[in-house]
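Presented below is the structure to which this report refers.
The values are calculated or read from the model by the stated rules, or taken from the named source; none is laboratory data. In this text, all values refer to a predicted model and were calculated from it rather than measured experimentally. Cβ: placed from backbone, ideal geometry, glycine included. Neighbour counts: every protein chain shown. Side chains are part of the model used for accessible areas, which takes the heavy atoms of the whole protein and leaves out ligands, DNA and RNA. Shrake-Rupley method; radii C 1.70, N 1.55, O 1.52, S 1.80 Å.
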Amino acid sequence: MLNKKSVEDIEVKGKKVLVRCDFNVPLADGKITDETRIDGALPTIKYLINAGAKVILCSHMGKPKGEPKPELSLAPVAKALSAKLGKEVVFAADDNVVGENAKKAVAEMAEGDVVLLENTRYRIEETKNVAEFSKELASLADVFVNDAFGTAHRAHCSNVGVTEYLDTAACGYLIQKEIEFLGNAVNNPVRPLVAVLGGSKVSSKISVINNLLEKVDTLIIGGGMAYTFMKALGKNVGDSLLEADYIDYAKEMMEKADKKGVKLLIPVDTVVAKEFNNDAESKISENGIEDGWMGLDIGPKTVELFSNALKDAKTVVWNGPMGVFEMPNFAKGTNAIANVLAEIDATTIIGGGDSVAAVNQAGLGNKMSHISTGGGASLEFLEGKDLPGIVAINDK
Ligand code: AMP
């Protein structure tokens, strides 16, 4: 368990509190199409308002690459947030983020007021963690709170640099929950601990596989990355996704699992198709895949094998779909695993990115114990890496 100060451990009454949120919401024609991230930030913001803080919010949105791009302004977020909080959120529309508007708005704040700064990535310094912008951000506030898990694996001005110029840095409720669930799962799990890994590439999950083999009781591998493991067992994989450079690595990992007494499960049958297309001719293939066919989902026997391994789990971490879940005909394996996780009596943690989309597509989001808000960040957490955004928060 990481021993970091939370928002409840610090003095905030009457103080100017700079809060790094994750308001990187999807936009279409200037309208927010999914407000999940704004909702996720509300507990910390409400706590600070009620505690009598002067709440200064900041966030990035998209990738403006150091230039003010009106289509990536946080103005729509200020509006949505005002509606949700039932009070005005003053938007400081400065192209340089910490400009005349921001300074004036902050100077006029009373306890419980809320100000939102403009997109931090309007400044070129932000993603390079340049001191000048960190100092400007810090100059607005007395204390800092980080509640953006999605950027915790990056050292930027608004989550790491700024902490150099303020004495107090705590985490908000969102980050606290991420640390609790992901931290406990990896470092102090109720066993059996089962990890389910999928997605397209072994190469992007190498460090996760390696680190999780030190921790788990069972490791399940599905998705496109499974074919490299099948090949390593000497099976034909036809036209399926294969990373030939990683066959030796897959062998190594299977040997490591063997030595550690970790059960490593890979698919025993596969839904194969003639083309990468939802309507392509398809069939179930056992014992390898013929040339001319490609694997796009796990087969029914594999669903059974994986489900059985999950049945008695007490903690499950899932990252990466079992097949091409974006195509309904090849989403069955992923949906089946989502359904098993929804039913078992275990702490179930969905580790960001495509697995979150898959669980929500199956309508089972609310059946999981924890859905991580950070794709890259949760992956790096599972790799066992220190996340700079978390390291920068004061210890208790
Ligand atoms: P990742 O970003 O590595 O987690 O990969 C997610 C992507 O993997 C999704 O877009 C899936 O469609 C894709 N994927 C899963 N299984 C397969 C497969 N058998 N063949 C090709 N792509 C797959």
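For region 1-38, which residues satisfy the criterion of being of a type in the set (D, E, K, R) and open to solvent by less than 80 Å² (accessible area, probe 1.4 Å)?
Of everything in region 1-38, those that are of a type in the set (D, E, K, R) and open to solvent by less than 80 Å² (accessible area, probe 1.4 Å) turn out to be Lys4, Lys5, Asp9, Lys15, Lys16, Arg20, Asp22, Asp34, Glu35.
Just to confirm my filter: which strands (runs of 3 or more DSSP E) fall fully inside region 210-280 and include at least 3 residues that are open to solvent by 10 Å² or more (accessible area, probe 1.4 Å)?
It comes to 263-265.
Name the residues in region 281-306 that are outside any strand (DSSP E or B) and either within 24 Å of the chain's Cα centre (by Cα) or within 13 Å of the ligand (Cβ to nearest atom) (or both), would you?
Trp293, Gly299, Thr302, Phe306
Could you please let me know if Ile390 is outside the structural domain of Val317 (by TED's automatic domain parsing) and either in a helix (DSSP H, G or I) or within 16 Å of the ligand (Cβ to nearest atom) (or both)? Break it down stepwise before answering.
Values: outside the structural domain of Val317 (by TED's automatic domain parsing): yes; either in a helix (DSSP H, G or I) or within 16 Å of the ligand (Cβ to nearest atom) (or both): yes.
Answer is yes for this residue.
Does region 324-344 hold any residues that are within 16 Å of the ligand (Cβ to nearest atom) and either open to solvent by less than 10 Å² (accessible area, probe 1.4 Å) or out of contact with any Leu (no Cβ under 9 Å at 6 or more places or on another chain) (or both), and which are they?
Selection gives Phe325, Glu326, Pro328, Phe330, Ala331, Lys332, Gly333, Thr334, Ala336, Ile337, Ala338.
What number of residues in region 187-209 are near the ligand (Cβ under 10 Å from one of its atoms) and part of a helix (DSSP H, G or I)?
Selection size over region 187-209: 3.
Residue check, Glu111 against (1) assigned to a loop (DSSP other than H, G, I, E, B); (2) assigned by TED's automatic domain parsing to the domain that holds Leu264, all met but one. Which one?
Among (1) assigned to a loop (DSSP other than H, G, I, E, B); (2) assigned by TED's automatic domain parsing to the domain that holds Leu264, the lone unmet condition for Glu111 is (2).
What residue, among those in region 345-359 that are in a strand (DSSP E or B) and touching a residue at least 40 places away in the same chain (Cβ under 8 Å), is nearest to the ligand (Cβ to nearest atom)?
Result: Ile349.
For the list (1) in a strand (DSSP E or B); (2) within 16 Å of the ligand (Cβ to nearest atom); (3) under 26 Å from Gly183 (Cα atoms), I need the number of the one condition that Val316 fails.
In the conditions (1) in a strand (DSSP E or B); (2) within 16 Å of the ligand (Cβ to nearest atom); (3) under 26 Å from Gly183 (Cα atoms), Val316 misses (2) alone.
May I ask you to list pairs of residues, at least six apart or on different chains, whose Cβ atoms are under 8 Å apart, with the first in region 77-96 being assigned by TED's automatic domain parsing to the domain that holds Thr36 and closer than 20 Å to Glu111 by Cβ and the second being surrounded by fewer than 19 Cβ atoms within 10 Å (Cβ to Cβ) and among the hydroxyl-bearing types (Ser, Thr, Tyr)?
Glu88/Ser82; Val89/Ser82
Filter region 305-344 down to the residues that are closer than 14 Å to Leu193 by Cα and without any contact (Cβ under 8 Å) to a residue 24 or more places away in the chain and list them by number.
Listed by number, the list holds a single entry, Asn308.
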